[in-house]
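Peer 1: Next up is a structure, given as structure tokens.
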Amino acid sequence: MSGAAITGPDGRLRCPWALSTEDYVAYHDEEWGRPVHGDDALFERLSLEAFQSGLSWITILRRRTGFRAAFADFKIASVASFTDEDRARLLTDPGIIRNRAKIDATLANARVLAEWAPGELDELIWSYAPDPAARPAPMALGDVPAVTDESTALSKALKKRGLRFVGPTTAYALMQACGLVDDHLADCTARRG
């Protein structure tokens with residue numbers, strides 16, 4: 001079956017995309033699809049997913065250290081206090097994606113989130129996690145959606161609260177990355193439960 005789990009060099013079955021680079025193997029095995037909680041941690045993932053829009057995820061993954069350095073480890077309070085000088089620095093930082101709209105959205109999102117109560121972002125995002133029993137484990141990559149009703153609803157909720165660069169596809173990628181859904185293939189050794 002095309003797109004089905006494949007055996008890696010270590011003999012473990014994995015989602016096919018995970019074996020294209022060593023960076024992906026580690027990300028797939030140790031991070032992707034594992035539950036992420038905490039406002040700052042979710043702000044980081046939300047920001048990185050927004051930066052990924054239109055690009056390959058490997059581009060973002062390989063620059064994550066640079067992103068963390070540039071954006072004060074994605075501490076919402078710190079990024080919310082960034083000045084025009086910080087913005088100018090970000091626009092010339094070779095360690096990140098220097099997309100003006102995405103940088104501006106990240107700064108604006110931090111300012112919005114700084115006004116929220118502690119735990120509010122975590123609670124909002126996780127309130128859109130679907131019932132895991134409602135969807136069977138995907139057998140092949142073709143069974144994995146790019147958008148769902150839940151991601152569309154999450155996107156609308158985030159936009160209504162003033163966040164930017166959070167369309168339904170970005171929201172679904174966030175849900176996958178942060179473990180709200182488990183889109184590891186049924187035969188993948190990284191699949192939970």
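Peer 1: Within the stretch 41-85, track down each residue that is among the acidic types (D, E) and either farther than 24 Å from A177 by Cα or surrounded by 18 or more Cβ atoms within 10 Å (Cβ to Cβ) (or both). Can you show your working first?
Peer 2: Step one: filter the stretch 41-85 for residues among the acidic types (D, E), giving 44, 49, 73, 84-85.
Of everything in the stretch 41-85, those that are among the acidic types (D, E) and either farther than 24 Å from A177 by Cα or surrounded by 18 or more Cβ atoms within 10 Å (Cβ to Cβ) (or both) turn out to be E44, E49, D84, E85.
Peer 1: Just wondering, is there one or more residues in the stretch 49-68 that are out of contact with any strand residue (DSSP E or B) (no Cβ under 6 Å at 6 or more places or on another chain), over 30 Å from I6 (Cβ atoms), at pLDDT 95 or above and hydroxyl-bearing (S, T, Y)?
Peer 2: no
Peer 1: Could you check, for the stretch 32-42, whether at least one of its residues is touching a residue at least 12 places away in the same chain (Cβ under 8 Å), within 22 Å of D93 (Cβ to Cβ) and touching a Leu at 6+ places or on another chain (Cβ under 7 Å)?
Peer 2: Looking through the stretch 32-42, none of the residues is touching a residue at least 12 places away in the same chain (Cβ under 8 Å), within 22 Å of D93 (Cβ to Cβ) and touching a Leu at 6+ places or on another chain (Cβ under 7 Å).
Peer 1: How do the pairs read when you match residues in the stretch 176-193 that are on the phi > 0 side of the Ramachandran plot with residues anywhere that are of a type outside the set (D, E, K, R) and in a loop (DSSP other than H, G, I, E, B), using Cβ under 6 Å and keeping only pairs 6 or more apart or on different chains?
Peer 2: Between residues of the stretch 176-193 that are on the phi > 0 side of the Ramachandran plot and residues that are of a type outside the set (D, E, K, R) and in a loop (DSSP other than H, G, I, E, B), the close pairs are G179/G33; G179/P35.
Peer 1: Turning to a different aspect of this structure: Go through the residues of the stretch 74-90 one by one and say whether even a single one is at pLDDT 95 or above, aromatic (F, W, Y) and within 28 Å of S20 (Cβ to Cβ). Show your work before the answer.
Peer 2: Within the stretch 74-90, the subset at pLDDT 95 or above is 74-90.
Now narrow it down to the ones that are aromatic (F, W, Y): 74, 82.
If we keep only those that are within 28 Å of S20 (Cβ to Cβ) too, we end up with 74.
Checked the stretch 74-90: at least one residue is at pLDDT 95 or above, aromatic (F, W, Y) and within 28 Å of S20 (Cβ to Cβ).
Peer 1: So the check is Cβ under 8 Å with 6+ separation or different chains; which pairs have a first residue in the stretch 45-64 that's within 19 Å of D104 (Cβ to Cβ) and a second one that's in a helix (DSSP H, G or I) and of a type in the set (F, W, Y)?
Peer 2: Cβ pairs passing all conditions: S47/F67; S47/F74; L48/F67; F51/F67; I60/F51; I60/F67.
Peer 1: How many residues are polar (S, T, N, Q) and at pLDDT 95 or above if we restrict to the stretch 10-48?
Peer 2: Here the count works out to 1.
Peer 1: A further question follows. On the given criteria, is S78 part of a helix (DSSP H, G or I) and under 27 Å from R192 (Cβ atoms)?
Peer 2: No; evaluated as a whole, the condition is false for this residue.
Peer 1: To continue, here is another question. Would you check which residues across the stretch 60-85 are in contact with a Phe, Trp or Tyr (Cβ under 9 Å, 6 or more places away or on another chain) and more than 16 Å from D40 (Cα to Cα) and list them?
Peer 2: Going through the stretch 60-85, the residues in contact with a Phe, Trp or Tyr (Cβ under 9 Å, 6 or more places away or on another chain) turn out to be 60-61, 63, 67-68, 71-72, 74-76, 78-79, 82.
Within the stretch 60-85, I60, L61, R63 meet the criteria.
Peer 1: Let me ask another. Sort out which residues of the stretch 103-127 are farther than 25 Å from E85 by Cα, out of contact with any Leu (no Cβ under 8 Å at 6 or more places or on another chain) and either of a type in the set (A, V, I, L, M) or crowded, with 17+ Cβ neighbours inside 10 Å (or both), and write them in order of number.
Peer 2: A117, the sole residue that qualifies.
Peer 1: Looking only at the stretch 86-102, which residues are in a helix (DSSP H, G or I) and crowded, with 17+ Cβ neighbours inside 10 Å? Show your work before the answer.
Peer 2: As a first pass, look at the stretch 86-102 and keep what is in a helix (DSSP H, G or I): 86-91, 100-102.
Once the filter is applied, which keeps residues that are in a helix (DSSP H, G or I) and crowded, with 17+ Cβ neighbours inside 10 Å, the stretch 86-102 yields D86, L90, K102.
Peer 1: Within the stretch 132-164, track down each residue that is hydrophobic (A, V, I, L, M, F, W, C) and either part of a loop (DSSP other than H, G, I, E, B) or free of Cβ contacts under 8 Å to residues at least 12 places away in the same chain (or both).
Peer 2: Selection gives A133, A134, A137, M139, V144, A146, V147, L163.
Peer 1: Restricting the search to the stretch 110-131, which residues are under 12 Å from D39 (Cα atoms) and outside any loop (DSSP other than H, G, I, E, B)?
Peer 2: Once the filter is applied, which keeps residues that are under 12 Å from D39 (Cα atoms) and outside any loop (DSSP other than H, G, I, E, B), the stretch 110-131 yields A110, L113, E120, L121, D122, E123, L124, I125, W126.
The values are calculated or read from the model by the stated rules, or taken from the named source; none is laboratory data. Remember, it's a predicted structure, so these values are computed and weren't measured experimentally. Neighbour counts are summed over all protein chains in view; Cβ atoms, including those assigned to glycine, are modelled from backbone coordinates with ideal geometry.
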